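> Have a look at the structure that comes next, please.
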Amino acid sequence: MSRSEWWRARLEELDRWAVAILGVGLLVRLAGLGVELLWYDEAFTAYLVRLPFPNMMQVIAGDVHPPGHYLVVRAVAALLGRSALALRLPSVVFGALSGLLLYHLLRDSAGPRAGVIAGLLFALMPAQVNYAQEARPYAMAVWAVLLAARGVQTDRWIQAALGVALALYTLNLSVFYLAPLGVWALLKDWRLALRAFGAAGVCYLPWLPNLLGQAGMVGASYWLPPPHPGALLYGLLFSTFYVQQVPPLTGQVALVAVGLTVLALIALRRDLRELAFLLVMALLPPILMFAISLVWSPVFIERALLPAGAFLVGLWAAGIDRLRWQAAVPVGLVAVPALAISLGGYYTYRPVPNQFEFSEPMAVIDAGWQPGDVIYHGSLVSYIQLEYYRPGSNLLAAGSADLAQFRSDATRRALRIQQARLSDLPGRYRRVWVFLMETSADPDAGDFQPPYPVEEQYLIVDHNGMKRWLYLLDLGGE
């Protein structure tokens, strides 16, 4: 066989739908990838991956997430740099690959057409697109959970073990997905479950002490409020169509999400035994998070529902596949516009940008910046974010209450935050930009009385009504 014939044979073997789903997933996730500024959580990722490796691991151990995603981003940043696009690129890849995994899951459980519908829906689902464009661990967590599910489905214990271990090392809340996944593996073959989860557990043992410390920190105090009664219903919308659309249409799109779920359950009523894993993986993890939030500490965060959203999309696809064409056409006439509105809204209508209007104060600082200036922050949020865009030019107020979120002095030292008192700056700098935010850690930011002559001052209010104060102070000297 000649080389050209060999390549022709390989191309004929390609699953063209798989290629299409992967291509669409990459295309919509790469669109506008580097446009928005990094918001605080992404800037925190960027800050951590530039720290010396021991410092990074110390800080991660004292935070609330495991190290998996940070290690991947650190490796990519070492190769491609620390641009916003490079930092977000791993999430893009994991998001696109997740659509491929969901396609194979549904193809082998509900049929080829259901697989195609699921893969394409996932590729275009705004919630999945949004978090596949962030330098955060959620897209990787979706991929890891789907990888584990695919391993269980195909009786490949090594693949299942890899998915379970990666899910645990990516997002602590993945445990809410791995519990029902473990039950599914046990019901299929106890030896599969033992091998896969046993191997993953051994791989996870080195991090287990840190998990216990992180869980203790969450149990003692965490920023999440208790979930409201409608949180489960809201999570159904958030993990699929998302809410980044023109507000008057949010309710209508929510009704479409509920309608598709009910329709899928009705259409699959005779097949639920074979497809029960989709229903369980879509609904049980959110219910478990909600219950734990009520009896222990709030852990119900909508971003952690994204893996459930993937299985919910699979459930919808299986249900749509079972419909007669007379019913499928009107469903499509409702669902496709809802998806188009949501995805279009995600790209065009952003009333509350992720950067929380940091672009405006940054533009003011850039316009008036002079060599030797420094930015003095009352909040860790602004410090971390501006340290990405103006590295080495930031100081955090000594004694900032924001550092209390890290559970030990060792963690706070590992962060290498540059701290100072405002009174220590004369003689070191000629001018200082004082950046204050209205936060729970600094509720009195608006009462600041400048101790030095003010050259310029600004009050900036974002779409949430959150206030930022910016003062340019003259410290004297040459």
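The values are calculated or read from the model by the stated rules, or taken from the named source; none is laboratory data. Keep in mind that this is a model prediction, so the values were computed, not measured. Because the Cβ atoms are built from the backbone with ideal geometry, glycine has one as well, and the counts that use them run over all protein chains shown. Surface accessibility is based on the protein's heavy atoms, side chains included, excluding ligands, DNA and RNA. Shrake-Rupley method; radii C 1.70, N 1.55, O 1.52, S 1.80 Å.
> Hey, if you drop one equal point scatterer on each alpha-carbon of the stretch 400-464 and run the Debye formula without solvent, what base-10 log of I(q)/I(0) do you get at q = 0.16, 0.18, 0.19, 0.29 Å⁻¹?
-0.77, -0.93, -1.00, -1.32
> Given points 7 Å out from each Cα along the Cα-Cβ axis, report the ASP108 to ALA398 separation in nanometres with one decimal.
The two pseudo-label positions are separated by 6.1 nm.
> Under the rule of -39500 (n - 2.57) per DSSP H run of 4 or more residues, summed and divided by the residues of the chain, what mean residue ellipticity at 222 nm is obtained, to the nearest 500 deg cm²/dmol?
-19500 deg cm²/dmol
> With a sphere of radius 11 Å drawn around the Cβ of ARG74, what net charge do the other residues whose Cβ falls strictly inside it have (Lys, Arg +1; Asp, Glu -1)?
Computed value for this residue: +2.
> In whole Å, how far is the Cα centre of the stretch 19-68 from that of the stretch 126-188?
18
> Can I ask one more? Taking the stretch 75-185 on its own, what percent of its Cα-Cα pair distances exceed 23 Å?
Tail of P(r) above 23 Å: 30 percent of Cα pairs.
> So, one more: By average Cβ neighbour count within 10 Å, what is the ranking of 29-40, 452-463 from highest down?
Put in order of decreasing packing, that is 29-40, 452-463.
> Give me the percent of accessible area attributable to carbon and sulfur for the chain, probe 1.4 angstrom.
Reported share for carbon and sulfur atoms: 64 percent.
> What net charge do the residues around TRP369 carry, taking every other residue with its C-beta under 14 Å from that of TRP369, with Lys and Arg at +1 and Asp and Glu at -1?
-1
> Dipole of the chain (Lys/Arg Cβ +1, Asp/Glu Cβ -1, origin at the Cα centre): which of PRO307, SER342, MET362 lies farthest to the positive side?
PRO307
> Moving on to the next point. Compute for the stretch 351-438: radius of gyration divided by Kirkwood radius, i.e. Rg/Rh, restricted to C-alpha atoms, rounded to two decimals.
Rg/Rh for the stretch 351-438 comes to 0.97.
> Relative to a virtual label point 7 Å from the Cα of GLU274 in the Cα→beta-carbon direction, which members of the stretch 66-110 show backbone nitrogen distances below 19 Å?
Those under the cut-off are 102-110.
> Sticking with this one: Once you charge only the Cβ atoms, +1 for Lys and Arg and -1 for Asp and Glu, what is the size of the charge dipole of the chain about its Cα centre, to the nearest 20 debye?
Value, rounded to 20: 1680 debye.
> For LEU212 paired with ILE266, estimate the spin-label separation in nm (one decimal), with each label point 7 Å from Cα along the Cα-to-Cβ line.
With each label point 7 Å from Cα toward Cβ, the separation is 5.2 nm.
> Between CYS203 and GLU456, how many nm apart are label points set 7 Å from Cα along the C-beta direction?
So the label points at CYS203 and GLU456 sit 5.2 nm apart.
> Would you mind calculating the gained length between ARG413 and TRP325 on full extension (0.36 nm times residue separation, minus the Cα-Cα distance), in nm to one decimal?
Computed gain between ARG413 and TRP325 is 25.4 nm.
> Among ALA199, GLN418, SER239, whose Cα lies farthest out toward the positive end of the dipole of the chain, if unit charges sit on the beta carbon of Lys, Arg (+1) and Asp, Glu (-1)?
ALA199
> Work out how much length MET466 to LEU232 would gain on full extension: take 0.36 nm times their residue separation and subtract the Cα-Cα distance, in nm to one decimal.
81.5 nm
> Further question: Inverting the mean 1/r over all pairs of different Cα atoms, compute the Kirkwood radius of the stretch 276-331 and quote it in Å.
It works out to 12.7 Å.
> Additional query: In terms of the ratio Rg/(2.2 N^0.38 Å) built on C-alpha atoms, what value belongs to the stretch 278-433?
Taking N as the residue count of the stretch 278-433, the ratio is 1.63.
> A follow-up question, please. Please give the peptides 428-434, 234-240, 313-319 ranked by average Cβ packing (other Cβ atoms within 10 Å per residue), highest first, as a rough proxy for protection.
The packing order, highest mean first, is 313-319, 234-240, 428-434.
> Which value, in debye to the nearest 20, gives the size of the charge dipole of the stretch 20-159 about its Cα centre, when Lys and Arg are +1 and Asp and Glu are -1 at the Cβ?
With Lys and Arg at +1 and Asp and Glu at -1, about 260 debye.
> Okay, next question. Per 0.36 nm of contour for each residue apart, how much would the distance between ASP373 and LEU294 grow if the chain were fully extended, relative to their Cα-Cα spacing?
So the extension gain works out to 23.6 nm.
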